[in-house]
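Participant: A single structure is presented below for examination.
All of the numbers you see were taken from the coordinates with simple rules; none came from a lab. All of these numbers come straight from a predicted model, not from anything done at the bench. Glycine gets a Cβ as well: all are built from the backbone with ideal geometry, and neighbour counts include every protein chain shown.
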Amino acid sequence: MSEHAESMRTIWYETEGDKVCIIDQTQLPHALQIITLETLADACRAITDMQVRGAPLIGITAAFGVYLSLKQNPQSLLSACQQLAATRPTAINLQWALTQIQQELQALDTADQIGSALSLARQLLADDAGACSAIGDNGLQILKALLKQKQQSQPSEQSGENACLNILTHCNAGWLATGGWGTALAPIYKAHQAGLPVHVWVDETRPRNQGASLTAWELARSGVPHTLITDNAGGHLMQHGMVDVCIVGSDRTTRQGDVCNKIGTYLKALAAFDNDVPFYVALPASTIDFAVNDGVREIPIETRSADEVNYVSGLADDGTVKRVRISPPATGVSNYGFDVTPARLVSGLITELGVYPANVEGVAKIAEAMAADQG
Ligand code: MRU
């Protein structure tokens, strides 16, 4: 594992003490708290309450959850997988990881399942970090080309914000959401490390504010220039030539290249399309659901608690984290967690296997590359 991925991990296993550790993302950015998952219930709760979140990360956590369950009860493979699968409905990585682990373990004697579950979970974590690093390398080529194009098209005396590549991202698709590097943020980290002048517009991402609390925290920690914006600002920035490219992640990608991601992604894609701003989606191939074609009609969209919309929490002037209500008590709330961006609005899919068009042919090529990679 590279130095970057090694120092930026959100879940890891400690051999000493046999511990599965996570960063509790509900406490960021105000506190960096590490907690230990000890039981299947801990793993399920961590996913449901979003102590861990992000499509690849919930799949990895589920795999460790199977290990924790088998340690408690060696006969619990099936029920553990069922409970973990029920924690969140939209990101396919969860089902993908559980299917992989269940298939491998079912073929073994019960006595051998515990050790193998741990090995598989650790392998999944390492593989995801590797895939995200490759996404970063592939995305970096796109950023280099866009920067070159921008520099060639503007007078050499241009300076300040305009001299760098302005990238807009939504939600958190960084190392906190994956085994390492991130998906949408991986090309940005690679570009920053390579000395490319980049600046990131960070959507706050209501209602849980993953942009404000997680993406901003990650980028600040790495010294990547960035600016936090309200979710509604992106269209305006694009109209005024202040965004050169959008890069977002994906929780589920369909056979025809539709992309399901955090609520609000679709509106950014529409604004990008209207303003000729390239709109890329970065994803590991584990995010593709080959059983689904039409994302808008077929992907189950998670709805979450009204409390997430009714309340905001943050650091009060007295230094404590406080939760306050922002709406009248009698007002009804709807809280959809994700939306689907149709393939026609997507400029390309940045994967660990290369960059592909977001259409049936492109996704079929990813499938071919996956088969070649495995065989
Ligand atoms: O509800 P969350 O925070 O789990 O949603 C996460 C996202 O929507 C990310 O953009 C997505 O998982 C892509 S990936 C790393």
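Participant: So in the chain, what percent of DSSP beta bridges are antiparallel if you round to the nearest 5?
Facilitator: The antiparallel fraction comes to roughly 55 percent.
Participant: Figure the gain on full extension for D18 and T227 (residue separation times 0.36 nm, minus the Cα-Cα span) and round it to one decimal in nm.
Facilitator: Between D18 and T227, full extension yields an extra 71.2 nm.
Participant: Here is a follow-up. What are the residues whose amide H is under 5 Å from the amide H of F338, where those residues sit 5 or more places off or on another chain and H is modelled from the backbone?
Facilitator: I263, E302
Participant: Here is a further query. Given 0.36 nm per residue, what is the gain on full extension from K71 to T48 after removing their alpha carbon distance, in nm?
Facilitator: Contour length minus Cα-Cα distance gives 6.1 nm.
Participant: Give, to the nearest whole percent, the P(r) tail of the chain beyond 32 angstrom, counting all Cα pairs.
Facilitator: Considering the chain, 31 percent of its Cα-Cα pairs are separated by more than 32 Å.
Participant: I'd like the Karplus ³J(HN,Hα) series for region 224-239: coefficients 6.51, -1.76, 1.60, θ = phi - 60°, whole numbers in Hz, and an x wherever there's a Gly or Pro.
Facilitator: 8, x, 7, 9, 7, 10, 6, 4, 8, 7, x, x, 4, 4, 5, 4
Participant: Here's a follow-up. So which of K190/K268; K19/K322; K150/K262 end up more than 26 Å apart, counting from Cα to Cα?
Facilitator: Those over the limit are K19/K322; K150/K262.
Participant: Going through the DSSP H helices of the chain, which span 30 Å or more along their own axis at the Cα atoms while scoring at least -1.0 as a mean Kyte-Doolittle hydropathy?
Facilitator: Those that pass (Cα extent of 30 Å or more, hydropathy at least -1.0) are 110-153.
Participant: Below 8 Å, C-alpha to C-alpha, sequence gap of six or more: please give me the relative contact order for the chain in percent.
Facilitator: Result for the chain is 16 percent.
Participant: Same structure, new question: Quick one: which of 196-206, 171-181 comes out on top by average Cβ neighbours within 10 Å, and what's the full order, highest first?
Facilitator: 171-181, 196-206
Participant: Would you mind putting 352-358, 31-37, 328-334, 220-226 in packing order, based on average other-beta-carbon counts within 10 Å, highest first?
Facilitator: So the peptides 352-358, 31-37, 328-334, 220-226, ranked by packing, come out 352-358, 220-226, 31-37, 328-334.
Participant: Starting from the Cα gyration tensor of region 91-133, take the square roots of the eigenvalues, sort them a ≥ b ≥ c, and report rounded, prolate or oblate (rounded when a/c is under 1.5, otherwise prolate if a/b is larger than b/c, else oblate).
Facilitator: Here region 91-133 falls in the oblate category.
Participant: Convex hull over the alpha-carbon atoms of region 202-250: what's its volume per residue in Å³?
Facilitator: 86
Participant: Further question: State to the nearest 20 debye the size of the charge dipole of the chain about its Cα centre, where the only charges are +1 on K and R beta carbons and -1 on D and E beta carbons.
Facilitator: My answer is approximately 520 debye.
Participant: Show that you can apply the helix-only estimate: for the chain, add -39,500 (n - 2.57) for every DSSP H stretch of four or more residues, divide by all residues, and state [θ] at 222 nm to the nearest 500.
Facilitator: Per the formula, -13000 deg cm²/dmol.
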